[in-house]
Every structure is written in structure tokens, then in C-alpha cells.
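This is the structure I want to talk about, given as C-alpha cells.
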Amino acid sequence: MPVARGNPGATVLDQNAGTVSCMASIAPTDHQQYLQISHDTLFRAYEVVPRLANIEARLSSLESRSTASPVSTTSASLIPERDNGPLSIARLPDLHTAASHKMLDGWPRLRLHIHPLEARPLALYQAVDASDPLLTRTWGETQRLQEMPLKDILQTINQLHQRIQELPLVFTYLFTCWPEFSSDATVAPLQHLESSLLPSPQKLSLHRLSIHQLLLLSMGLRLLGPSQLTELSETSSLCEISFALCLERLWVLHANVDLDSLSLILTIALCLVHLWGRPFHSLGLLQSLDSHFERLILQNAGSESIMHKLHACAIIHYVLESDILTELDGIPSRTAKMLGKYWPSTLNSSIDLHATAGPTDSQRILSLMKRHKELRSYLNHITQDLYLPEKANATPHELAQPIQNYSARLRQWYENLDCENQFARDVMTLNLRGQKLPIHLRELALRYYTCIFLLNRPVLYFYLHEELEYNIRPLDPATVNSNNGLWVHESCKNCIEAATLIIHVHKMDAELSTTTEKAFVSWCDIQMLFAVYMVVLQLKTASPQRRGFKDAGEIESLLDTVMHVMERAPFTSANIERSLVIMKQERQGFSSAM
């Protein structure tokens with residue numbers, strides 16, 4: 001049975017510009033003649049006029065916008081009246097079909113090429129993850145690997161502090177909210193120790209470091225790499241050992257969870273999913289914190305500074321847990337409810353920030369984290385409306401309204417971004433700029449592209465495999481016609497454009513990365529690349545009249561790029577290796593079927 005598909009862009013409104021569809025103005029007697037226009041001509045005509053109208057509306061809104069009134073009235077008018085109010089913070093549904101691995105279960109054209117023993121990908125991933133020795137091996141016989149020159153420890157942590165704005169946003173956000181991670185708290189004690197140890201240099205046992213220092217050391221070794229540090233042998237082993245020592249101390253943190261322990265557990269959970277590719281372990285940590293969140297909120301309701309920090313923790317918890325549960329099955333915790341209850345307004349710009357961030361950087365960090373929270377909430381709403389199990393066989397006609405609504409909201413969200421936080425929304429513009437996006441802007445762009453991709457993916461699946469769908473559930477002629485409207489074509493193009501943008505951003509990262517600046521690819525990025533790969537792969541077998549999206553050469557190039565990025569992921573993971581095997585198997589199966 002196919003998985004839930006996303007709704008079409010809009011029955012009356014154009015997906016991109018909000019203009020009235022020209023299908024509504026065509027008389028029945030002219031319909032046959034209208035349908036004889038070539039497929040490519042239709043696409044060109046449909047693209048140009050609405051996009052020009054959208055550009056004019058955008059220019060008009062920018063001219064009329066003032067700093068006191070940043071909301072575009074043009075975009076706001078596109079949202080249906082009944083949905084005009086702000087959306088609440090949404091939690092993911094307890095069960096949904098949006099996960100990339102569920103495409104292998106639910107999309108017949110993909111399921112054909114999976115070996116029967118691998119028919120349940122999630123169970124397979126769980127088994128592979130459980131047997132992965134990473135972070136679970138013992139180091140008792142390698143005592144020398146548990147020591148490191150003190151000057152190298154200092155250099156690694158110092159480098160991380162100096163490049164805090166180049167870390168993934170969640171780490172920058174967390175570290176700037178907690179003075180316990182600051183240079184004064186982590187580097188100064190080591191400098192004092194260095195001055196007291198003679199002769200120099202001296203090696204220091206990693207067991208003597210605090211958990212804050214161990215976390216920063218493991219992150220520095222992981223993210224910066226040996227080329228940015230002094231000549232360290234066995235950097236990878238030192239990185240793994242220092243993080244494994246953090247995991248050993250988790251029981252101490254859980255014994256008495258205070259505000260500092262909460263931030264440390266969240267940091268470890270972030271590292272597990274972003275730096276080590278261990279989502280099941282990370283999810284277990286996150287879901288152990290529910291009762292601690294509520295207890296700390298009730299105990300500190302009168303302290304504004306502590307409530308600000310709890311707010312920061314709640315946002316990180318909400319975004320990270322939602323990202324993981326988009327791909328894994330599980331019941332979401334109560335963080336979304338707590339955010340709506342205790343912090344119903346937008347992100348408070350008065351959060352006290354520490355460490356190296358200046359006033360401008362502080363505000364930018366807060367603004368970007370707020371935007372991530374908004375997009376994550378939009379994606380949760382999209383999952384609720386499009387990817388519930390009962391929507392598995394829904395047609396574009398049945399799903400039109402939510403896609404229309406969320407398309408308009410996402411356009412408005414983008415138009416309300418500050419100019420410095422805006423990014424390309426089409427491949428041509430992205431390639432013309434030809435420069436690697438700063439990491440924080442890159443993360444925001446990828447999350448936006450993911451929203452567009454998942455919003456329109458079900459329509460593209462229906463469009464590519466329409467004959468299979470009608471075999472499952474024959475429809476009346478009127479519904480069939482509505483499922484082939486021009487907005488359906490535009491929705492398909494939006495899905496493919498978003499998929500291509502995701503691939504091109506990762507491609508630019510890989511091409512423009514240097515020996516001193518590595519491309520950051522998280523586990524969540526890997527899962528989205530897997531989903532994008534499976535969608536692009538199916539364009540190869542589309543019928544000739546439905547190949548107006550990508551030519552065969554471009555499809556192969558996109559598939560090669562995804563494989564290249566995943567093969568060079570900055571961390572080793574048995575799950576990534578298994579995903580690559582499945583991808584190669586699927587591609588070979590599609591090639592032999594053509």
C-alpha cells in the first residue's frame with residue numbers, strides 16, 4: 001500500500017504565486033483543444049506568468065514594508081480566512097508515514113527491488129545500530145590512548161571557542177546560553193594546570209577532565225579535524241574515547257538532574273545524532289527528560305534567568321526530538337505542550353547570552369533558532385495533515401486544501417525573513433551565486449527545502465504512478481480530471497526542485513570544502529538525502545509524457561552526487577553503510593527494469 005502522499009499545491013491557487021488557475025476559465029467546449037497543447041509549452045506558460053506576478057507582488061511588498069510592519073500583506077491575503085491566525089506549536093503524530101525508510105515499505109515500485117529479508121527497513125536499522133561497536137568498545141588495554149598532550153587539549157578547545165559561529169546552530173545556541181561552556185570555565189583551569197606542570201609539554205589523562213571539557217574536546221576533534229590542530233596521531237580514537245568518557249558519566253547526571261545536568265544531557269544527545277549517527281541512543285536520552293523539564297519549570301517559575309535557559313533547552317529538545325521522530329517510530333514527549341503553555345509568545349530576544357557572541361551575533365542566533373522552531377512546527381503540521389496512515393491512499397484532489405494553506409504560509413514565512421537570512425529557492429539562482437552557504441544559513445535553507453519536499457512529495461508519487469493508484473481505487477472522471485490539473489504539475493515540479501536544491505547544497509559543500517574546513521553532514525541530512533534519492537530514482541521509469549521534469553543525464557548525475565556525499569559522511573555508521581547498500585540495490589533494480 002502506498003504511503004501517505006502530500007497534497008497538491010492548490011485547487012484554485014497557484015502553488016508559487018497564488019494566482020487563479022487558468023483551468024477554471026476554460027469552457028468545456030474548448031477543453032479538448034486546450035489539452036492538445038504540448039506538455040512542455042504548458043509548463044513554460046504556467047511557470048512564467050505566475051512567477052512574474054509573484055515577483056511584482058514581492059517587489060511591491062518590499063517597497064511598502066517598514067521596520068515596524070515587516071509582514072507582507074500580499075502574502076497574508078493568500079492564506080484562507082479560516083487559517084488566518086498563527087499556528088500553535090505542533091507535535092508530531094504518534095504514528096505517521098513520512099519517514100524515508102517507509103517509502104521502501106509503502107511505495108510498490110521501490111518495494112519490488114528490496115530483498116524479502118530486508119522488507120522491514122526500520123527493524124533492520126535497529127538491529128544494525130544495536131550491533132554497531134562504535135562508542136561501546138572498551139579501551140582498557142590502550143591506556144596510552146587515554147592520555148593527550150595538554151597543549152593539544154588546550155589548542156583544540158580554544159579553536160572550538162574561536163570558531164563557535166561556524167558550529168551547527170544548535171551547538172552555537174546552546175553554548176552561548178551556558179557560561180559553563182565558556183572559555184573562562186573550560187580553558188582557564190587547564191591553563192592554570194599547564195603552568196603548574198613542569199617540564200612542559202606534559203600529557204594529561206582524559207579522566208581528569210570535566211564533562212564540559214570532554215564534550216568540547218570530542219567536538220573539537222570531530223568537527224575541526226587534525227589539519228587545524230597540531231600533529232596529532234590517532235585523532236579519531238582520541239575523539240571516540242573522550243566522548244565515551246562522557247557517556248560513562250551519564251549516570252551521575254541522571255542521578256540529580258538540575259539545570260546544568262539538563263544542558264549536558266541535551267548536548268550529549270545532540271552529539272549522538274549529529275556527530276555520531278546514533279539516533280536511537282539520542283532519542284532515549286531525550287525522552288528521559290520529560291518529568292525533569294516539568295519539575296524544573298515548576299521549581300523555578302519565579303526566576304526569569306533560569307526560565308530563559310529552560311526555554312532554550314525546551315526549543316532544542318523539541319526540534320531535535322521532532323527531527324528524529326520524523327524518521328523513527330516513537331511517541332513524542334510533552335515538550336511541544338510545555339512550549340505552548342509556558343512560553344506561548346515568540347522566542348524571547350532578551351535571553352542572556354555568554355561566551356564569544358557579541359550583541360549582533362546574539363540576536364542573529366536567537367532569530368535563526370526561532371526560525372528553525374517555526375519550520376519544525378510547520379513540518380509537524382504537514383505530517384499531521386498529509387502523512388497519517390488513514391491518508392495513505394488520498395488523491396491530490398483530496399489533499400488539495402492543506403497544501404494550498406501550507407504553501408501560502410511557507411511563502412509568507414520566507415518573505416518575512418531578514419534580507420541577510422534569505423537564500424535561493426531555485427537551482428538556477430543557487431548555482432549562479434556559486435558560493436558555499438554559511439553553515440547557519442545552509443541549515444535554515446535545508447530545513448525549508450525539506451518542508452517543500454515533504455509537502456509536495458505525495459503528489460509527485462501519485463503523478464508518477466497514477467496507473468497503480470487507479471488500479472487500487474478507481475475514481476469518477478471528474479475526480480480524475482482534478483487530479484491532473486496544472487497545479488498538480490506545479491506541485492510535482494516544486495517537489496523535484498526542492499529535492500534538487502537539497503542535493504546541490506550538499507554538492508557545493510563537498511566541492512568547496514577544504515582540508516581546514518570540512519563539510520558538516522548530520523544524521524538528519526543523511527536521512528533526507530536517502531529520501532531524495534528514492535524520489536529522484538523513480539523519475540527514471542516515468543512514462544515518456546511524464547518526463548518533463550528531468551532528463552536522464554541529470555537524473556544520473558543527481559543520484560551519483562547523493563551517493564558521493566553519503567559515502568564521505570564525516571562519521572562512520574553501520575546504518576549509513578546499510579542505507580548505501582539499499583540505494584545501490586534499488587538503482588540496479590530500476591536500471592534492469594528499464
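None of the figures in this text is laboratory data; all of them are computed from the coordinates on show. Owing to the predicted nature of the structure, the values given are computational and were not obtained by experimental measurement. Neighbour counts run over all protein chains shown; Cβ positions are idealised from the backbone, glycine included.
What nm value, rounded to one decimal, do you get for the distance between residue 370 and residue 165 when each label is placed 7 Å out toward the C-beta?
My value for the distance between the label points is 2.0 nm.
Can I ask one more? Give me the extension gain from residue 361 to residue 191: residue separation times 0.36 nm, minus the current Cα-Cα distance, reported in nm with one decimal.
58.5 nm
Something else about it: Mind putting together the pair-distance distribution for region 142-328? All Cα pairs, 5 Å bins, whole percent per bin, short to long.
Bins of 5 Å from zero give 1, 7, 17, 19, 20, 15, 10, 6, 3, 1, 0 percent of pairs.
Right, here's the next one. Non-local amide H neighbours of residue 569 (under 5 Å, H modeled in plane, Pro and chain starts lacking H): which ones?
none
Of the listed peptides 185-193, 277-285, 169-177, what is their order by residue-averaged count of other C-beta atoms within 10 Å, with the highest listed first?
My ranking of the peptides, most packed first, is 169-177, 277-285, 185-193.
Here's something else I'd like to know. For a Förster distance of 25 Å, can you work out the FRET efficiency between the beta-carbons of residue 298 and residue 94, rounded to the nearest 0.05?
Given R0 = 25 Å and the Cβ-Cβ separation, E is 0.45.
If you place +1 on the Cβ of every Lys and Arg and -1 on the Cβ of every Asp and Glu, how big does the dipole about the Cα centre of region 142-328 come out, in debye to the nearest 20?
320 debye
Can you give the relative contact order of region 142-328 as a percent, counting alpha carbon pairs under 8 Å and 6+ residues apart?
22 percent
Check the straight Cα-Cα distances from residue 493 and name the lysines below 24 Å, setting aside those fewer than 8 residues away within the same chain.
102, 391, 507, 540, 550
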